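J.: I'd like to ask you about the structure that follows.
Coordinate-derived values only; no laboratory data. Owing to the predicted nature of the structure, the values given are computational and were not obtained by experimental measurement. Note that each Cβ is placed from the backbone with ideal geometry, even for glycine, and that neighbours are counted across all protein chains shown.
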Amino acid sequence: MAIALNQLRETQANLMYSEKMSALGHFVAGIAHEINTPLGAISASVDSIAGFIAQELEQLTDFPDSLLPEQQELFHLLILRAAGDNAYLSSRERRRQRRSLLAQLTTANIPKAEILAETLVDLKAHDQIERLLPILQDLDTQTFLHRLHRLVDLFQSAQDISLASERVSKVTFSLKTYTQADSVNQRPELTDVAADIDKVVALYQNRLQQGIAVVRRFDPEIPPLCCYADELTQVWVHLIYNAIQAMETSPIVDHVLRLEIERSHDDLVVRITDSGDGIPTELQEKIFEPFFTTKPAGEGSGLGLNIVRKIVEKHGGAIAVDSWPGETMFVVRLPFQGVGT
């Protein structure tokens with residue numbers, strides 16, 4: 001009798017869960033449609049803006065008349081580097097470069113040294129200071145550098161909007177995947193996991209600059225992985241975002257986000273480690289359950305890690321967490337002989 005009652009309760013629970021998923025699926029589909037329409041307009045517009053600013057940067061040749069040809073070549077280098085280099089700096093490295101530049105500018109009696117040091121860091125010109133010092137006394141040169149800085153800042157802001165729009169699109173896609181388990185209209189494709197993770201890191205560049213250093217250890221011999229690339233990107237988005245949140249709410253000032261990729265036999269192994277407060281042992285087995293969250297109301301749906309697990313398992317892989325005070329590591333294992341192979 002007790003066994004039959006338990007089976008009945010389990011059947012009822014499964015039916016209720018199926019009904020909830022069905023209702024949620026319809027709701028998410030409607031929301032996704034409402035979001036994707038304006039999102040498409042935002043993406044198209046910001047791509048146009050970024051393209052226009054990039055052209056303006058490339059055509060920026062009205063240098064100060066006082067510059068010699070070799071100095072103009074230096075300015076061309078700064079333009080190309082500022083517009084094309086998406087590498088970011090940790091807060092610690094940024095402060096170090098700024099202090100070094102400020103000391104050199106002050107020693108050379110360059111006017112407005114503090115503002116100029118900040119500008120040169122943003123323009124990624126810290127390693128060209130010896131070549132720049134002879135011309136930085138000229139106020140016209142400083143004016144040009146500040147103008148270049150404003151254009152570069154606009155260009156990078158446009159890129160941030162584009163990345164954020166892409167993330168919103170992928171989040172809605174991921175939610176639809178959660179409520180509709182079938183892979184209709186999806187095709188496996190080869191993707192560079194290291195490059196995909198770098199793109200996600202670039203998305204959170206501004207937040208990472210607030211006291212979080214990123215340490216990468218990527219095996220350069222990792223071959224492309226055949227997978228559902230859009231879905232797998234959501235794995236890295238959720239895990240990296242959660243890691244950043246864990247460190248932002250920690251009282252520690254300087255944090256480290258460690259990203260590791262290696263090959264272990266026939267598996268691709270990705271480790272994402274943060275230096276936050278850690279996850280209590282009694283909660284570690286619950287964090288992958290749907291609708292379970294430790295975040296305050298309004299800050300988390302409890303679906304993120306469950307979506308991550310579903311996507312990883314869909315690829316024939318596995319995800320595990322290991323956490324203790326001061327460190328949390330998520331380990332994702334994906335077989336190379338996975339989808340589409």
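J.: Please list the three semi-axes, largest first and in whole Å, of the ellipsoid equivalent to the range 185-341, using sqrt of 5 times the eigenvalues of its alpha carbon gyration tensor.
T.: 25, 18, 14
J.: Treat every Asp and Glu Cβ in the range 185-341 as -1 and every Lys and Arg Cβ as +1, leave all other atoms uncharged, and give the resulting dipole magnitude about the Cα centre to the nearest 20 debye.
T.: Numbers: 14 positive and 23 negative charges, 48 e Å.
The calculation lands at about 220 debye.
J.: Follow-up question, since we're still on this one. Extension gain R96-L283, at 0.36 nm per residue separation less the Cα-Cα distance, in nm?
T.: 63.4 nm
J.: Let me ask another. Would you mind working out the magnitude of the charge dipole of the range 212-281 relative to its Cα centre, with +1 at each Lys and Arg C-beta and -1 at each Asp and Glu C-beta, to the nearest 20 Debye?
T.: So the magnitude is around 140 debye.
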